[in-house]
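Here the structure is laid out as structure tokens; the discussion comes afterwards.
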Amino acid sequence: MRVTQGCFSFLPDLTDEQISRQVQYCLEKGWAVNIEFTDDPHPRNSFWEMWGLPMFDLRDAAGVMMELDQCRKVYGNSYIRLSAFDNSHGWESVRLSFIVNRPKDEPGFRLERHEMAGRNIRYTTKSYAVDRPEGGRYG
Amino acid sequence: MPPDLLIPTLPTSRRTQQEETKMNQHSMTIRGKERYKSGVMEYKKMGYWEPDYVPKDTDIIALFRVTPQDGVDPIEAAAAVAGESSTATWTVVWTDRLTAAEKYRAKCYRVDPVPNSPGQYFAYIAYDLDLFENGSIANLSASIIGNVFGFKPLKALRLEDMRLPVAYVKTFQGPATGIVVERERMDKFGRPLLGATVKPKLGLSGRNYGRVVYEALKGGLDFTKDDENINSQPFMHWRERFLYCMEAVNKAQAASGEIKGTYLNVTAGTMEDMYERAEFAKELGSVIIMIDLVIGYTAIQSMAKWARRNDMILHLHRAGHSTYTRQRSHGVSFRVIAKWMRLAGVDHIHAGTVVGKLEGDPATTRGYYDICREDYNPVRLEHGVFFDQNWASLNRMMPVASGGIHAGQMHQLLDHLGEDVILQFGGGTIGHPMGIQAGATANRVALEAMILARNEGRDYLREGPEILAKAAETCTPLKSALEVWKNVTFNYESTDMPDYVPTPSVAM
């Protein structure tokens, strides 16, 4: 399967040049770009691991691309996403987020159904990847 | 001089010299003992026309479009609106003297002829804050529109806009969730959200209905939606719908790794029934519920409070609004309804598509969207926004564009409506020749391609068709959608447009 979180998951994987142009767009808006990675892409897993701090005060996308290269060297078989953070009043939140790296094989999720009273079903989504301990997922 | 400086178009009307003079009249208010002599007195003499009055920061201001009957003095008509929407009745009453009557009288302080509309006048009326109950749209609307719209001396009356003082805004909860938290909860940033209304509107069983929801969500939409009149009918009891919809939502969520939702319409005959349905939606794990505007302002506020207490996004379908918002001369403008709904506390509100099948000219629609989404609205006469409005950090409300839109219009939609909007392609998803999933995928791919291009700095509005065609090279569903709906547009003249148009100003 293909996890379709993020802004561009329905397009063919972005090239580094395309990623760089998106980063530049964010920087020109004054947003801080943050690199995050995880081996558990559960839809409710809000807090991916941070690759350093959000890059405040950066002007040139090249800085982010260098960090992304470093991150890929270490976590090349994990999910990596870029998030752009806007600290202006009334937003103070993420304004753009997209996946820039995926594991070779995306096992996806299992849907568990617990039958409750009446016809009610309690659903639980589980990442197949978390059957293995953190750090040991995706081989 | 700012480039968008507005010079109202001069009225070409039958305005007479006499009318012109009247516009500039001073206060005619009779004071002291004479004011309270029994009998009938013109409203403009009773203190409801005060051209020297300067509205206080805490006043609520209403702008009415007044169309007096032939021969009725526009100032008197405007004063009558002020009177009848505050303290007055048709005759003088001595009991006024037991009150601080001057404070409680609404004061019409300005009357302007409407540009290019002979016989119509804009009346600005200020109301003291003490005339209203905290946090109650029912009370606000009962005062402002409760009594005056059938007034005989008027041919027609329309509430065009309102300035809500911060002091009053702060007495309302506002949107239960708001755009920022909705995006965080849904984990979707940087693009409009995508939705579809399940079709056909009526007749599907719960199981068939859930099938449509599953296909659309799995194909790439973020939301599906019940239609306004899907409640609990013989063909589908509401519990059946909720159960099958949540199976569909969860299955699509697991298949995509994304958060998905379906607006479960909890509209019902009584509040008790609505609460019961909302509780069931919560128990099943839905992230969102839906209500119709026709349930009434108080019911809407109750559901907004319920939604805030239960971490639920609240979608409002503006069912019925066109009965009073559409005609330019009479009723209530949708911009006022949008303001009331932001106070009342809904998270989503249908606010027009510009390009789709339902009423809405681009400038007016832009005004509605600003009211939903901005923390501060400056006066923008060219968008029909007559007042500076400070929302004082009240949550932002997500506008929804729904009705007759398709993937081929993606560049225009993004240009007109921006990024914080839900684009709902009902027919444009379910009517896809390759099936519902393909329809959803076509919309999602078109959207992502357009956002990518916009962020790259391309002139996406002009290059839109080209960008879509390029994206369709690797996406057959999009290719087929573009082919099927290539010539579909809805070009009709709008019935409601701003009265002021930007005029190029002389460079200074």
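Tabulated results
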quantity	calculated
Reciprocal of mean inverse Cα separation for the stretch B:85-126 (Kirkwood radius, Å)	12.4
The stretch B:178-230 pair-distance distribution - Cα-Cα, 5 Å bins, rounded %	4, 18, 26, 19, 15, 11, 6, 0
DSSP-defined beta bridges in chain B - what % are antiparallel, rounded to 5	50
Of A:Lys104/B:Lys479; B:Lys44/B:Lys152; A:Lys104/B:Lys470, those spanning more than 20 Å from alpha-carbon to alpha-carbon	A:Lys104/B:Lys479; A:Lys104/B:Lys470
Of B:Leu193, B:Ser393, B:Leu293, farthest towards positive along the dipole that unit charges on Lys, Arg, Asp, Glu beta carbons give the protein assembly as shown	B:Leu293
Kirkwood Rh, angstrom, the stretch A:35-76 [1 / mean 1/r, Cα pairs]	11.4
Taking N as its residue count, the alpha carbon Rg of chain B over 2.2 N^0.38 Å	1.06
Rg followed by Dmax, in Å, when the stretch B:391-508 is reduced to its Cα trace	16.9, 59
Proxy reagent accessibility, fewest Cβ within 10 Å first, across B:Thr298, B:Thr365	B:Thr298, B:Thr365
Label zone at B:Lys37 (point 7 Å along Cα-to-Cβ), backbone N below 18 Å, the stretch B:78-93	B:91-93
Approximate shape of the stretch B:318-389 as ellipsoid semi-axes (Cα gyration tensor, √5λ), whole Å, largest first	17, 15, 13
P(r), alpha carbons of the stretch B:285-326 - 5 Å bins starting at zero, rounded %	6, 22, 29, 21, 12, 7, 3, 0
Hull shadow area, averaged, the stretch A:30-125 [alpha-carbon convex hull, nm²]	8.6
Rg ratio (alpha-carbon, reference 2.2 N^0.38 Å) - the stretch B:104-190	1.51
Cα-based helix-to-principal-axis angle, A:61-75 vs chain A, degrees rounded to 10	40
Cβ-placed point charges (K, R +1; D, E -1), dipole of the stretch B:293-438 about Cα centre in debye, nearest 20	480
Cα pair distances exceeding 19 angstrom across the stretch B:52-169, given as percent	44
Inverse of mean 1/r across different Cα pairs in the protein assembly as shown, Kirkwood, Å	26.9
Footprinting exposure proxy for B:Cys372, B:Cys108 (fewest neighbouring C-beta atoms within 10 Å first)	B:Cys372, B:Cys108
Cβ-derived FRET efficiency at R0 51 Å, A:Tyr128 paired with B:Lys199, nearest 0.05	0.90
Distribution of pairwise C-alpha distances over the stretch B:211-322, 5 Å bins, in %	2, 13, 24, 24, 19, 12, 5, 1
Positive dipole terminus of the protein assembly as shown, leading residue within B:Val354, B:Pro51, B:Ser402 (C-beta point charges)	B:Ser402
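Since every read-out is calculated from the coordinates, none of them should be taken as a lab result. None of the values given here were measured: they were computed from a predicted structure. FYI the Cβ positions are ideal-geometry reconstructions off the backbone, even for glycines, and counts take in every protein chain you see.
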